[in-house]
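Visitor: The following block contains the structure, expressed as structure tokens.
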Amino acid sequence: MFSRNLLLIAIFSLLFTSCSDDDYMDMDDDMVVATCDDGIQNGDETGVDCGGSACTPCTTAVEIPATYIFERDGESTVSFSGQTTRLLMASEILALLRDNTSTEDEIDAAFAHMEGAADFSDADLNASDKQIRNKTAGSFVFTQLLPSIASSTVKADFDGYITEQVEDVFPFWNQVATEGNAGQLPDGSSTRYVNGRGLELDQAFIKGLTGAFVSDQILNNYTDPGQLAQFEDDNDNEVIVDGKNYTDMEHDWDEAYGYFFGVAADGENPVAALLEGADPSAFSSGSDEFLYKYVDNVEANFDGTAAAIFDAYKAGRTAIINKDYAERDAQADILREQIATVVAVRAVHYLKAGIAGLGGAQPGTTFHDLSEAYGFIYSLQFLRLPGTDLSFYFTRDEVLGYLDTIYNEPTNGFWNVTEENLNTVAEAIAAKFSFTVAEVD
């Protein structure tokens, strides 16, 4: 009897212990804290040492593709049609600025296009709800953090270029320009139309938008960490935009890509002709008027620029898929550096071209180069330093000072600008970068 009781006690003890162990293990599983570095999936980790509330997001096996192709369930997730539309609009606005039959109202309307208005020759552009004016200094950074600059100065500058073109240049379209007087000047087989100070306002407008519109949207909006952070939770959970095949963050990055490559003939591999072993003469920027138009020129001086930009776009987009936001931001920094270099190199290039033409027989050629320099210099104020929140390569005051030096301070602007004026600004721009004035052709 005694031994039988002992046996029963032993059995009940074993059962109690087993149940207790099970209960303890269940409770323990709930209480275990993710360690993130022990090679074990624990706590609320969604993978081994990743995911959950404490660890870095889990990465997938996605590798950086050779071309800008990204898919989900066999369908493309890449979309930047809005950017293509705006780039095409810019080309038509430029054409209006070069047509002396255009009215100020017509140009203003195209710049601030409203859906359905017949502002363009392309019916698809007219049907679009996109416009350029609201995207001029319209980034997250400028509208949310620096709104006074966007509302009271930058847009007013571009409105002013339109007004001056119509009021001060169009009336003298068929007259020869002289010092202090607007009109036309020959430039080889082309004709340039300048104001009384020698500035082509259409060039100031379109080259200035390289910074105020295109670069600002890429660097200070669609690849900006502060802008993208709002989408991180949804991206982690792969929340797809209603009716689309991409997450919000994926789409933002694609829109940044579209501002650079949106009118490329091959949007998936737009710099193939500039990569190692390719034929640069095969490169064509089509109807682009901005960064893509000039990447081959910069590549000719600084080999690897095109690949660095294209690779950063691909790597950043891949990092978004892999939920690796530190890597995404690292690629955004590369874009900041490389795009700033493109703008700065072109500013210096045109300043040097202007120097070469000073005193020559064709001031139209010289003024054209200096007008392009003017627009690229204006664009410098939108170039953000890598790794910073609100630090720029150049302040607005610096940029306006450079424009004073080459345009406002010399008597009658480009008619009397000196080599010293132009060299001073070229050297100041190059000093912010790792290249020298001498390296720029």
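The values are calculated or read from the model by the stated rules, or taken from the named source; none is laboratory data. This structure is a prediction, so every number in the text was calculated from the model and none was measured. As a convention, Cβ positions derive from the backbone with ideal geometry for all residues, glycine included, and neighbour counts pool all protein chains shown. Just the protein is used for accessible areas: all its heavy atoms, side chains included, with ligands, DNA and RNA removed. Shrake-Rupley method; radii C 1.70, N 1.55, O 1.52, S 1.80 Å.
Visitor: Can you find a residue that is surrounded by fewer than 17 Cβ atoms within 10 Å (Cβ to Cβ), closer than 17 Å to VAL194 by Cα and in contact (Cβ under 8 Å) with a residue 60 or more places away in the chain anywhere in region 341-362?
Guide: Checked against the condition, which is being surrounded by fewer than 17 Cβ atoms within 10 Å (Cβ to Cβ), closer than 17 Å to VAL194 by Cα and in contact (Cβ under 8 Å) with a residue 60 or more places away in the chain, region 341-362 yields at least one hit.
Visitor: With assigned to a helix (DSSP H, G or I) and in contact with a helix residue (DSSP H, G or I) (Cβ under 9 Å, 6 or more places away or on another chain) as the only criterion, which of LYS130, LYS155 stands out?
Guide: LYS155
Visitor: Taking the condition of being open to solvent by 10 Å² or more (accessible area, probe 1.4 Å) and touching a Lys or Arg at 6+ places or on another chain (Cβ under 9 Å), how many residues in region 139-155 meet it?
Guide: Summing the residues that are open to solvent by 10 Å² or more (accessible area, probe 1.4 Å) and touching a Lys or Arg at 6+ places or on another chain (Cβ under 9 Å) in region 139-155 gives 3.
Visitor: Would you check if there is a residue in region 290-300 being in a loop (DSSP other than H, G, I, E, B), of a type outside the set (A, V, I, L, M) and under 14 Å from the mean Cα position of the chain (by Cα)?
Guide: Yes, that holds for at least one residue.
Visitor: Search region 124-148 for residues that are farther than 15 Å from PRO225 by Cα and pair each with any residue that is buried (at least 16 other Cβ atoms within 10 Å of the Cβ) and basic (Lys, Arg) when their beta-carbon atoms are under 8 Å apart and the residues are at least 6 apart or on different chains.
Guide: What qualifies is LYS130/ARG86; GLN131/ARG86; ILE132/ARG86; ARG133/LYS155; LYS135/ARG86; THR136/LYS155; ALA137/LYS155.
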